[in-house]
Each structure stands twice: as C-alpha cells, then as structure tokens.
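Here the structure comes first, spelled out in structure tokens, and everything after it is commentary.
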Amino acid sequence: MSIDKETAAKVAKLARIKVEDDALPALAQEFNDILGFIEQLNEVDVDGVEPMVSVTPMRLKRRTDGVTDGNMQDKVLKNAPDAREGFFAVPKVVE
Amino acid sequence: MLDLTYDTPKPKVIAGAKHDWELVIGMEVHAQVASQAKLFSGASTKFGAEPNSNVSFVDAAMPGMLPVINEYCIEQAVRTGLGLKAEINLTSAFDRKNYFYPDLPQGYQISQLYHPLVGEGEIIVDMEPGIARKVRIERIHVEQDAGKSIHDMDPHMSFVDLNRTGVALMEIVSRPDIRGPEEAAAYIAKLRQILRYLGTCDGNMQNGNLRADVNVSICRPGQYEKYMETQDFSHLGTRCEIKNMNSMRFIQMAIEYEARRQIQIVEGGGKVDQETRLYDPDKNETRSMRSKEEAHDYRYFPCPDLLPLEIEQAWVDDIAASLPELPDEKKARFVKDFGLSEYDANVLTAEVVNAAYFEQVVTQADDGKLSANWVINELFGRLKKDDCDITDSPVSPAQLAGIIKLIKADTISGKMAKDLFEIVYTEGGNPEEIAEARGMKQVTDTGAIETAVDEIIAANPAQVEKAKQNPKLAGWFVGQVMKATGGKANPKAVNDIVAAKLGL
C-alpha cells in the first residue's frame with residue numbers, strides 16, 4: 001500500500017489536523033515508512049492461529065447498574081474555553 | 001406456544017407516470033436501554049437533569065479515563081434479543097466509529113460493527129386481524145449515545161449538553177422486509193410494544209428514547225420476490241436513508257415523499273444516488289445531507305480499551321427463563337381462553353398494564369366478551385375523557401367485575417349498569433351495595449311482570465284488538481309496562497310476556 005499526497009491530506013482532514021500543502025509529501029513519506037515497517041508482519045504465517053486479545057487470560061471487567069458518578073458540572077466544565085448556563089459553548093455548528 | 005395464523009399483506013403500490021412501483025423499506029431503530037447508569041460509566045441516565053450534571057470524566061472523555069461496561073445494559077440487550085427470537089452471540093466485541101462532532105467528546109462512538117451481541121431474529125408486524133408481516137431482524141448491537149447540541153440559544157454559539165453522552169443504545173437493524181409507510185409505522189409500534197413488555201426500553205419517542213433511520217428504495221412489481229428468492233440486492237433499487245425520525249406520523253409522510261421523489265427521478269431517466277437525507281416536517285420533504293456524508297469516513301477499528309465481551313450460555317438461559325409473556329402469545333391466549341375477537345385482544349394487549357387489568361376483571365367476572373366490552377368501551381372511553389391512564393383508574397378490576405357480575409345475573413339492565421359504572425367511577429364503593437341501596441334492580445320476577453301486563457291489557461281492550469291485527473303495536477304495551485314498573489322490569493322478560501299474553 002502506498003500513501004500519496006492526496007491520501008495524506010485526507011487523513012489530516014479526518015483527524016482535523018491542519019497540514020500545509022508543502023508539508024504533505026514528507027507526511028505521505030512518513031506514512032509509507034510506518035506502513036512498510038508494519039507490513040513485515042505479513043511475512044508471518046498465522047493460518048489457524050486464534051487472534052490474541054490479551055497477554056494474560058482475562059475476562060472483560062463489568063460494573064453493576066448503579067449511579068456512582070456525575071453531579072460535578074463545575075469540574076466537567078472547568079477546562080472548557082467557554083461555558084454558559086451549564087453548557088459547553090462552541091462555535092455554531094448546524095447541519 | 002400458542003400462535004395465531006395470519007396472511008401476508010399486499011405491498012403498497014404507487015402509480016407513477018409510466019409504471020406501477022413498490023416500496024422496499026428497512027429500518028435501523030435506536031432504542032435507549034432502560035438502566036440506571038450509563039453503558040461505560042457510573043453517571044445517571046435520568047432525562048431532563050441540569051445540563052452536564054449526569055456526566056462523569058469517562059463521558060467527558062478526560063485523558064486517561066477508561067470505560068467499564070455496565071453488565072445490566074448487556075443483560076437488557078440479551079433480553080431484547082431473546083424477545084425478538086434472535087440468536088445471542090456468546091462472544092461479541094466493541095469497535096470505535098471515528099468522527100468529530102462537538103457532542104461527541106471522545107471523537108469516536110464505541111459500537112459493535114464486526115461482532116454484534118445479537119444476531120438474526122424476527123418481528124411479526126400486525127396490520128389488521130389475520131393480516132401480518134414477518135420482518136426479519138438482521139442484528140442488534142450495543143453502542144453509546146451522543147450528547148445534545150442546542151443551536152437556538154445563541155446566534156453565534158452552539159450549546160452542548162453531555163448528559164445523554166454514553167447512555168446505552170440498542171441498534172435494532174431489520175432486513176428490507178417492510179413494504180409500505182403503514183407497515184413501517186406498524187413495525188415501530190410492534191417493536192415498541194415488545195420493548196415495553198420486556199422492560200428494556202421505555203419507548204418514549206418524544207424524548208428520543210426510540211428513534212429510527214429509515215432506508216427506502218423503490219422497485220417494479222415482481223423484483224422484490226426475486227430478491228427474496230436470491231437475497232441478491234441487485235434486484236432492488238438504490239436506497240436512501242432518512243435519518244433520525246422520532247414520530248410515527250412523520251415516518252409515514254417521509255417514506256411517502258421519498259418514494260415519489262425516487263419514482264420521479266427513475267421515470268425521468270435519472271439515477272437515484274445512495275445518500276443520507278433529512279426529513280423536514282414543515283415542508284414535508286426530504287433533503288440531502290450530502291455535504292456531511294462526504295466528510296464521513298468512520299475508520300472503524302476494534303476498541304483497544306475493551307476486551308471482547310464473553311457471556312455464558314447459562315446466564316442467557318437464566319434471562320430466557322425470566323422473560324415475560326410477550327404480546328403475540330398473550331393475544332393468542334386471550335383469543336383462545338376468553339373467546340375474544342382478535343381485534344379486542346389486540347386492543348387489550350397493546351399495553352401490558354391494560355392486559356393485566358383486563359385479566360383481573362375477567363378472572364373475577366368469568367365472562368370474556370362482556371369483560372372485554374366493558375374494559376374497552378366503558379372504562380377506556382371514560383378514562384380517555386378524563387385524559388387518564390389505566391394506572392390512575394378510579395374503578396378497580398374488582399369493582400368493574402362486580403358490575404359485570406350484576407349484569408350477568410340479570411340483576412341490573414345494561415342501562416342501569418352504565419349509571420352504576422358512573423357512580424362507582426366518580427364516587428367509588430361496592431357496586432353490589434350501591435345497586436341495592438339505590439334500588440337499581442331490574443324486576444325479573446315474571447309473576448310481578450305478568451301482573452303488570454295483565455293490568456295494562458285489561459285496561460286497554462281497544463289497543464289489544466289493534467295489536468292483534470298489527471303485532472308491531474306490542475311495543476306500546478312493553479312501554480307501558482316499563483313505565484308502570486319504573487323502568488326496573490327486565491325488558492327482555494317484558495317482551496316475551498307481552499307477546500305471549502297477546503297471543504302473538
């Protein structure tokens with residue numbers, strides 16, 4: 001798989017990261033190096049091998065259905081650049 | 001299990017300018033799981049709280065916070081799956097669906113794309129007595145809800161409330177087996193009924209606890225049958241998805257509009273683009289959301305914060321054993337055990353509280369049809385007039401059964417029963433005692449009625465002669481007897497005796 005300039009621009013846009021046009025070729029090259037490195041894994045034959053999801057055999061941890069958290073509007077909003085009347089206030093987004 | 005047999009309804013046909021067209025509809029319903037806490041955090045799910053008060057640091061996606069799954073939400077989804085006769089996957093897994101929006105602080109929604117918790121099931125969608133559509137369920141997966149953005153509080157800013165962020169949703173995906181706008185509404189109604197019976201979702205559409213994405217395409221008659229035979233979608237038209245509908249009426253109007261729009265395009269030689277559309281109820285039209293669609297590339301991948309969800313068959317079996325009687329079974333039992341019409345059984349089983357009330361009445365009154373009539377016509381009618389729910393009914397099942405027993409025993413007439421019902425409804429009390437105390441008792445003593453008839457006949461020889469010529473005049477005698485007895489005589493007994501005495 002080869003990443004071209006357009007794909008690099010698309011990935012940057014999806015990640016909402018601004019990348020200047022002249023920086024795109026270098027970014028595409030970096031992606032290609034990373035993917036090339038990872039593609040080495042394709043050399044390993046994994047036919048019939050169960051995918052491993054955890055190094056130690058573990059069961060997904062569960063919680064019971066009880067309200068144990070919340071009620072801290074001030075803390076939740078503390079880092080917001082703008083908050084009004086208990087809401088996060090963000091630049092207008094309308095579909 | 002009891003089952004009623006049914007025939008398949010005819011698909012809706014829309015006449016275009018050139019051809020007839022049929023509709024093919026599939027639905028993705030998002031049902032909010034009824035639980036105290038959210039899917040991956042301990043914050044409350046309560047609706048209508050102060051903005052951003054039901055929010056934990058997990059929901060706000062603060063750095064380093066990790067999701068821990070609420071087992072009850074999984075139990076609720078499994079219960080829903082079992083209620084829809086679906087297979088339960090003992091291993092499922094969570095994936096991230098990536099997109100940016102202000103009400104999604106994580107930047108991704110945790111969902112189940114590749115390995116859903118629940119597999120194939122079905123819903124029998126009742127259209128009218130004896131007519132129903134079987135709609136196949138493709139899958140149910142569990143996912144997080146997003147927050148709410150409010151756009152009309154400030155001219156330049158959008159306000160974001162994360163209270164709904166992270167609440168558990170079940171996405172219930174149907175196959176494209178729905179064949180018209182009415183069927184689509186009936187599908188939602190039946191699904192909602194089942195969810196409410198199961199107690200897994202409150203079904204409140206107004207609060208957005210049940211909302212649907214509706215996929216609509218059109219095809220020429222005969223094409224759908226080819227699809228059903230082969231499961232090959234190439235026999236069907238290109239579909240459009242109408243997003244986020246939470247009103248049964250609007251769902252029907254949107255489908256109707258969308259079908260006509262597609263017919264116009266295809267008959268004009270054009271091609272329908274597969275896209276997402278929004279319905280505008282003010283203008284009654286659907287509009288493309290294409291600008292948003294292009295930006296969407298969800299880049300799903302397995303959520304590295306969560307191990308696969310492994311559940312045990314024994315746990316599933318326990319949930320299955322605790323399932324309540326579901327609407328189809330209850331309806332069939334009401335028809336069979338109480339001799340009800342399917343129509344009445346439908347009405348009485350629509351809500352589980354109504355069905356429970358009726359069952360208490362019928363077991364005490366021991367007359368299915370009479371009980372159904374009184375619950376549906378008198379009680380529901382009266383409650384509706386007061387805008388009341390059955391749970392607020394001032395008349396208890398025992399009281400209503402008491403009235404019905406008086407009717408059955410011929411103690412009171414139908415007219416008296418209605419008066420008695422009104423007294424019990426407004427004043428309360430024991431129906432039998434009230435009837436006794438207020439002299440509401442029809443005279444069924446034939447001796448007393450005969451005496452009254454004899455007196456009237458003796459006093460009106462001319463009328464007797466006329467009645468012998470014209471039997472219709474017997475009604476005059478019945479009226480006189482009723483008057484003489486203060487309306488308490490059993491009308492049927494009076495009729496019979498008058499006819500016999502007049503020799504008619």
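Roughly how many whole Å is it from the C-alpha centroid of the stretch B:230-295 to that of the stretch A:17-95? Answer, in whole Å: 33. Annotation for A:I34 and B:F47: the two label points, set 7 Å from Cα along the Cα-Cβ direction, are 4.3 nm apart. For B:K468, which lysines qualify as cross-link partners when the Cα separation must be under 16 Å and same-chain residues fewer than eight apart are set aside? Within the straight-line limit of under 16 Å, B:K468 reaches these lysines: B:K501. Taking R0 as 56 Å, what's the FRET efficiency between B:S288 and B:D410 from their Cβ-Cβ distance, rounded to 0.05? About 0.25, to the nearest 0.05. Between B:I131 and B:Y101, full extension at 0.36 nm per residue minus the direct alpha carbon distance yields a gain of 6.4 nm.
By the beta-carbon count within 10 Å of each Cβ, the least crowded to most crowded order of B:T391, B:T276, fewest first, is B:T391, B:T276.
Averaging 1/r over each pair of different alpha-carbon atoms in the protein assembly as shown and inverting the result gives 29.3 Å, the Kirkwood hydrodynamic radius. Average projection, convex hull of the Cα set of the stretch B:446-502: 3.2 square nanometres. The ellipsoid equivalent to the alpha-carbon distribution of the stretch B:26-125 has semi-axes of 26, 16, 14 angstrom, derived from the gyration tensor eigenvalues as √(5λ) and listed largest first. If you look at the Cα atoms of the stretch B:256-341, you get an Rg and a Dmax of 24.1, 58 Å. So if R0 is 45 Å, what FRET efficiency would B:N373 and B:D318 give, r being the distance between their Cβ atoms, rounded to the nearest 0.05? Calculated transfer efficiency: 0.65. Summed over all non-identical Cα pairs, the Kirkwood treatment of chain B gives a radius of 27.1 Å. Subtracting the Cα-Cα distance of B:N207 and B:I14 from their residue separation scaled by 0.36 nm leaves 66.2 nm. Karplus-derived 3J(HN,Hα) values for the stretch B:304-319, using 6.51 cos²θ - 1.76 cosθ + 1.60 with θ = phi - 60°, are x, 7, 10, 5, x, 8, 9, 10, 9, 4, 4, 5, 4, 4, 4, 5 Hz; glycine and proline are entered as x.
Using θ = phi - 60° in the Karplus curve 6.51 cos²θ - 1.76 cosθ + 1.60, the 3J(HN,Hα) couplings for the stretch B:215-227 round to 9, 10, 9, 10, 8, 6, x, x, 5, 5, 4, 5, 4 Hz; x is entered for Gly and Pro. Annotation: amide H of B:S158 within the under-5 Å range of A:V90, A:K92, A:V93, sequence separation 5 or more or interchain, hydrogens built in the peptide plane. Across the stretch B:13-291, Cα-Cα distances exceeding 27 Å account for 43% of all pairs. Considering helices alone, the calculated mean residue ellipticity of chain B at 222 nm is -12000 deg cm²/dmol, with DSSP H runs of length four and up weighted by -39500 (n - 2.57) and normalised per residue.
Karplus-derived 3J(HN,Hα) values for the stretch B:198-203, using 6.51 cos²θ - 1.76 cosθ + 1.60 with θ = phi - 60°, are 6, x, 9, 7, 6, x Hz; glycine and proline are entered as x.
Mind giving me the FRET efficiency for B:E120 and B:E427? R0 is 51 Å, r the Cβ-Cβ distance, nearest 0.05 is fine.
0.40
In this label model, A:K5 and B:L504 are separated by 10.4 nm, measuring between points 7 Å along each Cα→Cβ vector.
Of the peptides B:19-30, B:305-316, the ranking by mean beta-carbon count within 10 Å, highest at the top, reads B:19-30, B:305-316. If one computes P(r) from the Cα atoms of the stretch B:325-437, what percent of pairs lie at distances over 22 Å? Across the stretch B:325-437, Cα pairs with separations above 22 Å total 28 percent.
Label positions at A:K18 and B:A458, each projected 7 Å from the Cα along the C-beta direction, are separated by 11.2 nm. Its alpha carbons give the stretch A:1-61 an Rg and a Dmax of 17.2, 48 Å.
Every read-out reported here was derived from the displayed coordinates using simple, explicitly stated rules and does not represent laboratory data. Everything numeric here is computed off the predicted structure, so don't read it as measured data. Using ideal geometry, Cβ is built from the backbone for each residue, glycine included, and neighbour counts are taken over all protein chains shown.
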